[in-house]
Amino acid sequence: MNLPKDFEQKMRDLLGSQADEFFKSLDNPSQKAITVNFERLKKDVFEKNCDFEIESIPLTQNGYFASIPKFSQNVFNHMGVIYSQEPSAMYPVELMDIRPQDICLDVCASPGGKSIQILEKLGGSGLLVSNEIAFSRAKILRENLTRMGFDNFIITCNSSEELARSNILFDKILVDAPCGGEGMIRKNNFDMNFYSPTSIDSNAERQLKILENVSQLLKSNGTLVYSTCTYDIRENENVIFNFIKKHSDFEIIHKPEFLAVCDSGIKIEDVSTNYALRRYPHRFKGEGQFMIVLKKVDCESLSQPKPSLPKCYCELNQKELMTILSTLKGVINIKLDSLVKINDEIYVLPKCKLNLKNLNVIYLGVHVGTLQKNVFKIAHECYHTYGKYFEKKIELNELDVYKYLHGEELSFDRPNGIYAVEFLGVTLGGGKMTNGTLKNYYPKELRI
């Protein structure tokens with residue numbers, strides 16, 4: 001691989017005698033991996049039924065090394081069971097020590113791999129605010145999280161300054177900061193023509209600014225994980241050094257158990273930045289990664305702001321509510337007592353509620369349907385997320401599941417009505433049975 005001279009010299013200074021081995025590793029193909037949503041499909045069922053080779057990734061809860069041909073057409077992908085995730089990128093979330101009922105913030109979340117991991121660990125409890133400053137990337141984030149069938153997340157499109165002004169308090173925060181991306185140098189989507197050593201200082205300035213802003217939102221004794229996919233000390237240990245020097249209410253946490261899958265960071269003066277963790281492609285299966293755990297030490301406890309809806313969302317009137325409930329009666333057995341609307345679109349709010357009035361919320365809760373001219377139409381996300389609550393279900397076999405994903409109508413000896421369509425007990429989507437023929441409601445844009 002033809003590398004910039006200044007990058008090559010920097011890595012030789014950083015790695016010393018290991019540098020040649022590192023450069024050699026860049027000619028090897030990237031390691032493929034997936035994270036698996038065991039909230040939708042039990043681990044033993046997944047391992048028994050997957051039609052590709054898998055190998056558990058050490059010290060990850062849901063990670064597997066796996067290379068899947070035609071990933072977008074794989075049935076597990078459509079079920080919301082698997083997500084393609086670079087193996088080294090899984091470890092920052094593993095460091096967060098997420099517990100049930102935690103309120104979490106993923107600051108720079110798109111395309112969504114780490115948010116998916118967080119939601120897997122929350123296990124349907126608590127709440128994740130998944131933020132992405134660029135609207136186009138936030139739309140991708142929404143597509144990925146909804147496909148996985150979660151109902152306890154909110155997607156926002158805000159800067160770190162705007163997040164700080166929300167005054168929402170979080171148990172766990174992840175800052176997977178925008179960076180130079182040197183750790184991705186052997187991946188096909190990394191363009192060496194755009195590598196710029198002059199941008200590193202400006203990157204570090206922006207990274208420190210993000211940390212400064214969102215650290216205000218961490219609860220006392222809460223955990224913040226800072227990570228990048230770059231090697232340069234200025235964007236990694238030095239950012240943490242500058243932050244710790246100004247914030248005596250934070251301390252760096254040592255995670256020695258992860259030294260089985262990571263190398264130690266670089267110590268800077270009297271700050272224990274050597275407690276950081278680094279991954280290199282010549283040492284471990286995966287790309288380059290930096291990560292470090294910060295804890296907010298005992299300080300004055302602040303109170304969570306009173307819950308409030310974003311400005312664009314409003315509650316339903318009694319007529320609208322009765323129209324929806326009458327449509328869903330006998331179709332789905334779930335208590336929908338937190339419905340809101342934005343224009344004609346109806347959503348079920350997450351159980352955990354926050355003060356969102358000062359945030360640019362682009363997705364809130366589960367999209368259950370559209371209400372137009374007193375007619376309610378059930379949305380695909382309602383089937384996909386709440387399928388287990390539908391009164392009528394159809395379990396597909398291995399042949400019919402691909403016909404369904406292709407958009408074909410299927411024949412069954414079943415009563416007329418609305419059905420959730422399942423495979424291995426996991427809902428793919430919906431359909432309407434009429435005289436033995438199932439009309440396929442799987443969205444055209446998702447079909448294989």
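Any read-out appearing in this document is the output of simple, stated calculations on the displayed coordinates, not a laboratory observation. None of these values were measured; they are calculated from a predicted model. So basically every Cβ, Gly included, is an ideal-geometry build from the backbone, and we count neighbours across all protein chains shown.
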| Other-chain or far-sequence residues with amide H under 5 Å of GLY429's (modelled H) | VAL421
| message | Of CYS382, ILE133, SER215, which is farthest towards the positive pole of the chain's charge dipole, taken about the Cα centre with +1 and -1 on the beta-carbons of Lys, Arg and Asp, Glu respectively? | response | CYS382
| field | Mean projected area (nm²) of the alpha-carbon convex hull when the stretch 392-448 is viewed from all directions | value | 3.4 nm²
| field | Cβ charges +1 (Lys, Arg) and -1 (Asp, Glu), total dipole of the chain, debye | value | 1340 debye
| query | In what sequence do GLU53, GLU395, GLU381 fall when counting other Cβ within 10 Å, fewest first? | reply | GLU53, GLU395, GLU381
| q = 0.06, 0.09, 0.13 Å⁻¹, the chain: log10 I(q)/I(0) [Debye, one scatterer per Cα] | -0.28, -0.63, -1.19
| message | How many angstrom lie between the Cα centre of the stretch 385-421 and the Cα centre of the stretch 1-61? | response | 37 Å
| field | Cα-Cα pairs of the stretch 67-145 separated by more than 16 Å (percent) | value | 54 percent
| remark: Contact order relative to length for the chain, counting C-alpha pairs under 8 Å separated by 6 or more residues, stands in percent at 13 percent
| said: If packing is taken as the average number of other Cβ atoms within 10 Å across a peptide's residues, how do 285-295, 259-269 rank, most packed first? | reply: 285-295, 259-269
| Out of ILE240, MET148, GLY288, whose Cα points farthest toward the positive end of the dipole of the stretch 5-296 (charges: +1 Lys, Arg; -1 Asp, Glu; placed on Cβ)? | MET148
| said: Please rank HIS78, HIS380, fewest neighbouring Cβ atoms within 10 Å first, as an exposure proxy. | reply: HIS380, HIS78
| note | Cα-Cα longer than 28 Å, checked against LYS48/LYS139; LYS187/LYS351; LYS70/LYS139; LYS306/LYS373, kept in input order, equals LYS48/LYS139; LYS187/LYS351; LYS306/LYS373
| For the chain, calculated [θ]222 nm from helices alone, where every DSSP H run of n ≥ 4 adds -39500 (n - 2.57) | -7000 deg cm²/dmol
| request: Give the residue from ASN167, SER196, SER326 lying farthest towards the positive end of the charge dipole for the chain; charges sit on Cβ (+1 for Lys and Arg, -1 for Asp and Glu) and the dipole is referred to the Cα centre. | output: SER326
| With charges only on Cβ, +1 for K and R and -1 for D and E, what is the dipole size of the stretch 160-275 about its Cα centre, in debye, rounded to 20? | 180 debye
| task | Working from Cα positions, state the angle (0 to 90°, nearest 10) between the long axis of helix 5-15 and the longest principal axis of the chain. | result | 80 degrees
| remark: The pairs in LYS42/LYS172; LYS341/LYS392; LYS121/LYS341; LYS219/LYS255 lying past 31 Å Cα-Cα in this model are none
| HIS384, HIS247, HIS406 arranged by Cβ crowding within 10 Å, fewest neighbours leading | HIS406, HIS247, HIS384
